[in-house]
1. Please say if segment 153-293 is rounded, prolate or oblate, where rounded means a/c under 1.5 for a ≥ b ≥ c the square roots of the C-alpha gyration tensor eigenvalues, and otherwise the choice is prolate for a/b larger than b/c and oblate otherwise?
2. Provide the FRET efficiency to the nearest 0.05 for the ARG134-SER92 pair, computing r from the beta carbons and using R0 = 45 Å.
3. Using a Förster distance of 35 angstrom, determine the FRET efficiency expected from the C-beta separation of GLN75 and ARG99, and round it to 0.05.
4. Arranged by the count of other C-beta atoms within 10 angstrom, fewest first, what order do MET252, MET206 take?
5. On full extension of the chain, what length is gained from HIS56 through ALA158, given 0.36 nm per residue of separation minus the C-alpha to C-alpha distance?
6. Classify segment 31-100 from the C-alpha gyration tensor, please: rounded if a/c falls under 1.5, else prolate or oblate depending on whether a/b exceeds b/c.
7. Once both labels are modelled 7 Å past Cα along the beta-carbon direction, what's the MET204-HIS260 spacing in nm?
8. So how far apart, in nm, are the two label points at PHE151 and ALA182 if each is 7 Å from Cα heading toward Cβ?
Amino acid sequence: MDAAVKPRAALRRATATRVRPPAAADPVEALIARIAADYDGLPPRLKSVARYVERHRASVPVDRVGEIAERCGVQPSAVVRFAQRFGYSGFSELQQVFRAQWTSRASPQSTYQQRIRRLLAERRGALSPGAVAREFIGASEAGLAELARDFDDAAFAAAVALLERAQHIYVVGVRRSFPVAAYISYALQHIDKRVQQVDGLGGMVMEQVRAIGPGDAMLAISFTPYGKETQACVRHARRRGAKVLVLTDSRMAPLARHAHALLLAHEGSAFAFRSLTNTLCIGQALFVALAARLESSVEETRYRGDYDD
């Protein structure tokens with residue numbers, strides 16, 4: 001009987017492997033992970049190329065070396081050296097890794113966004129308010145499509161588990177990230193956790209995180225050019241032995257190296273203004289997933305005009 005059980009167990013393991021391959025099986029993700037691991041040791045010009053490749057992976061398959069060099073502010077030879085640094089004969093060979101993924105994952109939303117941008121570029125007159133609104137809607141749709149396509153279930157589960165174990169959750173985000181930090185702080189007030197938004201009121205950023213320590217967690221939200229206040233809070237949290245969950249836009253971000261759990265949000269943009277759609281979506285999902293893990297009954301906030309006891 002044991003002999004019959006072993007083949008079935010082996011078959012189940014083999015089937016599970018086929019259905020849920022490890023993340024490293026994705027060549028693009030494996031390459032990005034290698035770039036992130038070596039990022040600190042790269043020369044400044046190659047760091048610029050690394051950031052471009054990580055943030056614009058959807059366009060890398062069709063970008064020309066000269067175009068990338070111009071956008072990164074480097075010479076074309078730097079783009080070639082970047083590819084060679086990671087074992088490729090040239091940039092064209094590196095592009096093949098992205099082209100294979102792009103062919104299988106290309107989304108109609110991205111194509112729609114490109115058509116809208118070409119239309120706007122060709123217009124000679126002023127844009128109507130409706131056209132502006134539709135451009136932002138299109139950018140948000142494209143961003144959400146990319147988020148769904150590249151969503152990392154394992155990373156998200158690790159983020160929820162980190163918050164679940166925390167005794168006290170500190171949430172920090174400044175400037176563009178502030179609305180997301182404020183919403184997440186508000187949502188987390190509805191579950192059985194001690195939560196504090198680090199808002200820096202009165203310039204007291206570090207005073208608000210002074211008590212953080214082992215058993216606590218910090219949720220840091222930051223996007224390029226990365227708020228110095230947020231970076232300081234994260235470094236302090238690490239020194240004090242707290243766990244850090246980072247929500248940012250790049251594995252090469254300064255906060256990423258300090259993260260115990262890392263979530264990425266690549267936003268669509270319109271007229272040089274980046275959306276917050278993806279980031280808010282992840283924030284809401286974090287709260288609901290955490291509440292479900294805690295088996296919490298999320299209480300609705302009720303308006304009380306007099307606030308009497």
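No lab work stands behind these numbers, since they all come straight from the coordinates. What you see is a predicted model; the values in this text were computed from it and never measured. Cβ sites come from the backbone with ideal geometry, for glycine too, and all protein chains shown count toward neighbours.
1. Numbers: a/c = 1.41, a/b = 1.15, b/c = 1.23.
Verdict is rounded for segment 153-293.
2. Details: r = 36 Å, r/R0 = 0.81.
Calculated value: 0.80.
3. Details: r = 24 Å, r/R0 = 0.68.
Given R0 = 35 Å and the Cβ-Cβ separation, E is 0.90.
4. Numbers: MET252 21, MET206 13.
In order of increasing Cβ crowding within 10 Å: MET206, MET252.
5. On the way: separation 102, 0.36 × 102 = 36.72 nm, distance 2.54 nm.
Answer, rounded to one decimal: 34.2 nm.
6. Details: a/c = 1.35, a/b = 1.09, b/c = 1.24.
It is rounded, given that a/c, with a ≥ b ≥ c, falls under 1.5.
7. Spacing of the two 7 Å Cα→Cβ label points: 2.6 nm.
8. 2.7
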